[in-house]
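Participant: To start, I am sharing the structure in question, which I have written as structure tokens.
Please treat every number below as a calculation from the coordinates, not as lab data. Please read all numbers here as calculations on a predicted model, not as lab measurements. With ideal geometry, Cβ positions are generated from the backbone for all residues, glycine too; neighbour counts draw on all protein chains shown.
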Amino acid sequence: MTALLPPGVKVHLALGYIDMRKGLDGLAMLVQGVLQQDPFTGHLFVFRGRTRANLIEIIFWDGTGLCLFTKRLEHGVFPWPPSVDAGETLSLSSAQLSLLIDGVDRRAPEQKWRPAIAG
């Protein structure tokens, strides 16, 4: 997958882990309260849970409403940097976001698994 983001759109990887039962409003509140960012800037905010390491959620404002993108890996987990302090983010490039969405570790970018058959 190639993520083509408009110029000026930033990707914020939220360090630490969240309760993946949170929806749009809960994640937007985390962006405002914990990350001290504005969820209505059009930037992407990426979250991962502790126990569901194969699931990420990305929220962003498209100009008319909040959007939620969810991805679950069928095999493996999303690589995630260790959390230093709650409320910290790591900036990712568009290419690094593409690798993350594909489940590839940005520090060692090689595809590790592919299903042999569907189903």
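Participant: Just in the range 1-97: which GluC sites (Glu not before Pro) are loop by DSSP and have at most 13 other Cβ atoms within 10 Å?
Facilitator: Listed in order of number, the matching sites are E74.
Participant: Now for a separate question. Enumerate the calculated ³J(HN,Hα) couplings along the range 33-44 in order (Karplus 6.51 cos²θ - 1.76 cosθ + 1.60, θ = phi - 60°), each rounded to whole Hz, writing x wherever the residue is Gly or Pro.
Facilitator: Result, rounded to whole Hz: x, 8, 7, 6, 10, 9, x, 9, 8, x, 7, 9.
Participant: While we're on this one: Is the shape of the range 11-101 rounded, prolate or oblate, going by the alpha carbon gyration tensor and its root eigenvalues a ≥ b ≥ c, with a/c under 1.5 for rounded and a/b larger than b/c for prolate?
Facilitator: Taking the square roots of the gyration eigenvalues as a ≥ b ≥ c, the range 11-101 is rounded.
Participant: Could you pull out the trypsin sites (Lys or Arg not before Pro) across the range 1-98 that fall in loop regions by DSSP (anything but H, G, I, E, B) with no more than 12 other Cβ atoms inside 10 Å?
Facilitator: On the way: sites: K10, R21, K22, R48, R50, R52, K71, R72; in loops: K10, R21, K22, R50, R52.
For trypsin sites (Lys or Arg not before Pro) across the range 1-98 that sit outside H, G, I, E and B with at most 12 neighbouring Cβ atoms in 10 Å, the list reads R21, R50.
Participant: Grab the other residues whose beta carbon is less than 14 angstrom from that of I59, score K and R as +1, D and E as -1, and report the net. Mind dumping the intermediate values first?
Facilitator: Working: positive: K10, K22, R48, K71; negative: D25, D38, E57, D62.
With Lys, Arg at +1 and Asp, Glu at -1, the neighbours total 0.
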